[in-house]
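K.L.:
Have a look at this one.
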Amino acid sequence: MKKSITKKLLILSVILAAMIALPGAAGAMHIMEGYLPLGYSVAWGAVCIPFLFMGTTKLKKIFAENRRSIMLLAMSGAFIFVISSLKIPSVTGSCSHMTGTGLAAILFGVGTTSVLAIIVLIFQAILLAHGGLTTLGANTFSMGIAGPLLTWALYRTGKKLKINRMTSSFIAASFGGLFTYCVTALQLAIAHPSEIGGVGASFSQFIVIFAPTQIPLALVEGLLTVLILMGMENYASRELAEISFMEA
């Protein structure tokens, strides 16, 4: 029964990914190719290296010691790809999207999420013209590190305070997704400060651009994350217990 359900979920994910892969506007909220000066691109990439190293080390441990959790890992990666590829028109004439990284951050932590995120970002940049290779470091930091770090911290705090697991997951994923775009706004503001008001004024402008779509999208992302976790609890409880998400 579980194998049948897993197969259906995989087929559905492939169908959704194929639909989303159709050509669309390339002005989504990943920072686009060439939009950051070279020095900034290199600097953001360097900041990501310790997290990617930590994540790679953890992934090797998972593959060696806990192979049953690979299914959860694959679903987390697929969730990031599908959700972050879904570009939604913004009132500003640009596009917005969810991140999908909250699920991986809650289940596996920041390091592993950063590796999943950079893999997704590379595929999106090459296949969908979504983001860019020169801005890969900045996009990885905002979507794969900063947002997931807040998600992980909020979920762990909720767990210590004995808040309901799904309530904690919703809060963590929602605020983590929203924080991703606060960081993106800061990255853009630092690279392109306003002539009047500098970085602060530029940051305020980008936040205003992002807010109308990103606030509701963050709430939707939190809800979707909870729904996925509820499905996992029903059909992959043993695997979740092995990674200490829930009791065996």
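K.L.:
Please state which one of Gly222, Gly176 is among the small types (Gly, Ala, Ser), buried (at least 20 other Cβ atoms within 10 Å of the Cβ) and in contact with a Leu (Cβ under 6 Å, 6 or more places away or on another chain).
P.N.:
Gly176
K.L.:
Condition first: in a helix (DSSP H, G or I), in contact with a strand residue (DSSP E or B) (Cβ under 6 Å, 6 or more places away or on another chain), hydroxyl-bearing (Ser, Thr, Tyr) and surrounded by 21 or more Cβ atoms within 10 Å (Cβ to Cβ). Can you find one or more residues in segment 181-204 that meet it?
P.N.:
Yes, segment 181-204 contains at least one residue that is in a helix (DSSP H, G or I), in contact with a strand residue (DSSP E or B) (Cβ under 6 Å, 6 or more places away or on another chain), hydroxyl-bearing (Ser, Thr, Tyr) and surrounded by 21 or more Cβ atoms within 10 Å (Cβ to Cβ).
K.L.:
What number of residues in segment 91-145 are under 27 Å from Met230 (Cβ atoms) and either among the small types (Gly, Ala, Ser) or surrounded by fewer than 21 Cβ atoms within 10 Å (Cβ to Cβ) (or both)? Break it down stepwise before answering.
P.N.:
Of segment 91-145, the ones under 27 Å from Met230 (Cβ atoms) are 96-117, 119-120, 143-145.
Next, from what is left, pick out any that are either among the small types (Gly, Ala, Ser) or surrounded by fewer than 21 Cβ atoms within 10 Å (Cβ to Cβ) (or both): 96, 100, 102, 104-105, 109, 111, 114, 117, 119, 144.
Total satisfying the criteria: 11.
K.L.:
Please determine, by comparing only the residues of segment 225-239 that are under 24 Å from Ser96 (Cβ atoms) and of a type in the set (A, V, I, L, M), which one is surrounded by the most Cβ atoms within 10 Å (Cβ to Cβ).
P.N.:
Filtering segment 225-239 for residues that are under 24 Å from Ser96 (Cβ atoms) and of a type in the set (A, V, I, L, M), the one surrounded by the most Cβ atoms within 10 Å (Cβ to Cβ) comes out as Leu229.
So that you can scan it fast, the table gives a plain yes or no per residue for (1) more than 29 Å from Gly158 (Cα to Cα); (2) hydroxyl-bearing (Ser, Thr, Tyr); (3) at pLDDT 90 or above; (4) not in a helix (DSSP H, G or I):
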position: Tyr35; (1), (2), (3), (4): yes, yes, no, yes
position: Thr56; (1), (2), (3), (4): no, yes, yes, no
position: Phe79; (1), (2), (3), (4): no, no, yes, no
position: Val82; (1), (2), (3), (4): no, no, no, no
position: Ala104; (1), (2), (3), (4): no, no, yes, no
position: Thr112; (1), (2), (3), (4): no, yes, yes, no
position: Leu116; (1), (2), (3), (4): no, no, yes, no
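K.L.:
Here are Thr140, Thr157, Thr180, Thr134: which of them is in contact with a Phe, Trp or Tyr (Cβ under 8 Å, 6 or more places away or on another chain) and among the hydroxyl-bearing types (Ser, Thr, Tyr)?
P.N.:
Being in contact with a Phe, Trp or Tyr (Cβ under 8 Å, 6 or more places away or on another chain) and among the hydroxyl-bearing types (Ser, Thr, Tyr) holds for just one of Thr140, Thr157, Thr180, Thr134, which is Thr140.
K.L.:
Given the condition charged (D, E, K, R) and touching a helix residue (DSSP H, G or I) at 6+ places or on another chain (Cβ under 6 Å), answer yes or no: does some residue in segment 165-180 qualify?
P.N.:
The answer is no, given that none of the residues of segment 165-180 is charged (D, E, K, R) and touching a helix residue (DSSP H, G or I) at 6+ places or on another chain (Cβ under 6 Å).
K.L.:
Of all residues being at pLDDT 85 or above and among the small types (Gly, Ala, Ser) in segment 210-235, which is nearest to Leu86 (Cα to Cα)? Just the residue, please.
P.N.:
Ala218
K.L.:
Which of the numbered conditions does Gly177 fail, given that it passes all the others? Conditions: (1) within 21 Å of Gly77 (Cα to Cα); (2) without any contact (Cβ under 8 Å) to a residue 60 or more places away in the chain.
P.N.:
(2)
K.L.:
On to the next question. Among the listed residues Gly132, Gly137, Gly158, which satisfies the condition of being over 18 Å from Gly77 (Cβ atoms) and outside any helix (DSSP H, G or I)?
P.N.:
The unique qualifying residue is Gly132.
K.L.:
State which residue pairs qualify: first residue in contact (Cβ under 8 Å) with a residue 60 or more places away in the chain and inside segment 55-68, second residue assigned to a helix (DSSP H, G or I) and among the aromatic types (Phe, Trp, Tyr) in any location, beta carbons under 9 Å apart, and separation of 6 or more residues or different chains.
P.N.:
From segment 55-68, the pairs are Gly55/Phe108.
The values are calculated or read from the model by the stated rules, or taken from the named source; none is laboratory data. Only a predicted model underlies this, so the values are computations on that prediction, with no experimental measurement involved. Because the Cβ atoms are built from the backbone with ideal geometry, glycine has one as well, and the counts that use them run over all protein chains shown.
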